[in-house]
Amino acid sequence: MRLVLSIALAAFLVTSFAWSDDAAPKQAPQIVLKSPDGKKSVDLAKLVSEGPVLVRLTCACTGCDAELQYFQKLQAAYNGKGLQTIAVFREKAEGLEQYAEKKGIKFTWLADPTGAMWKTFDSKAMPTNILIDKGGKVVRVVPGCTKDGRNAQTLSQEIANLLKVPVAQIAESKQK
């Protein structure tokens with residue numbers, strides 16, 4: 001059985017890592033993720049040393065699926081400016097390959113059918129978006145789904161601040 005996150009992932013999990021409401025930003029866990037084919041490793045510590053990283057703990061349900069277009073637009077807007085997005089899906093890799101191809105996912109995606117990443121990030125919501133700055137500090141956690149792209153737009157503001165670039169319009173604002 002192909003698993004994106006191998007048994008070895010458990011050795012890399014930082015078991016003492018937990019989110020709290022303290023004012024000080026938390027350091028992202030130092031973990032190594034495996035690609036769907038198991039041939040490529042994604043080292044989160046290395047990625048955050050290069051620039052901000054958005055970790056999206058998600059699935060292919062209808063809500064997350066509707067929100068996906070906004071996160072693709074978010075990555076496209078900041079791609080050349082240093083943002084790297086990693087989507088970690090709760091489904092098995094075999095089904096995700098077709099899904100990723102059909103949806104045209106351009107950012108890194110991984111499968112975690114056991115939910116190890118949710119435990120690592122102490123996440124209770126589906127989806128959960130974790131923005132990590134260059135250097136590894138968690139600057140924003142945005143839980144839940146917004147089918148209208150509000151979560152992606154909120155993260156766009158944060159990403160623009162980190163990269164010191166203008167804010168990209170990801171979702172249409174709803175003026176009354």
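None of the figures in this text is laboratory data; all of them are computed from the coordinates on show. Please read all numbers here as calculations on a predicted model, not as lab measurements. Quick reminder, even Gly has a Cβ in these numbers, built from the backbone with ideal geometry, and neighbours come from all protein chains shown.
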*Apply 1/(1 + (r/R0)^6) to the Cβ-Cβ distance of K39 and S173, taking R0 = 30 Å, and write down the FRET efficiency to the nearest 0.05.*
0.10
*Treat every Asp and Glu Cβ in region 79-176 as -1 and every Lys and Arg Cβ as +1, leave all other atoms uncharged, and give the resulting dipole magnitude about the Cα centre to the nearest 20 debye.*
340 debye
*Would you tally the net charge around D133, using a Cβ to Cβ cut-off of less than 10 Å, leaving D133 out, and scoring K and R as +1, D and E as -1?*
+2
*Would you mind counting up the charge near G63? Only other residues with Cβ under 12 Å from its Cβ, with Lys and Arg at +1 and Asp and Glu at -1.*
-2
_Please report the antiparallel percentage of DSSP beta bridges with both residues in region 74-145, rounded to the nearest 5._
55 percent
*Would you work out which of Y78, V55, W109 lies farthest towards the positive end of the dipole of region 27-163, given +1 charges on the beta-carbon of Lys and Arg and -1 on that of Asp and Glu, about the Cα centre?*
Y78
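Of K40/K147; K46/K164; K26/K124; K39/K164; K34/K164; K46/K106, which pairs sit farther than 25 Å apart, going by alpha carbon to alpha carbon?
Result: K40/K147; K39/K164; K34/K164 exceed 25 Å.
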*Using only C-alpha positions, report the orientation-averaged shadow area of the convex hull of region 27-163, nm², one decimal.*
7.3 nm²
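Please work out how much length the chain gains when fully extended from S49 to A76, using 0.36 nm per residue of separation minus the C-alpha to C-alpha distance, in nm with one decimal.
7.7 nm
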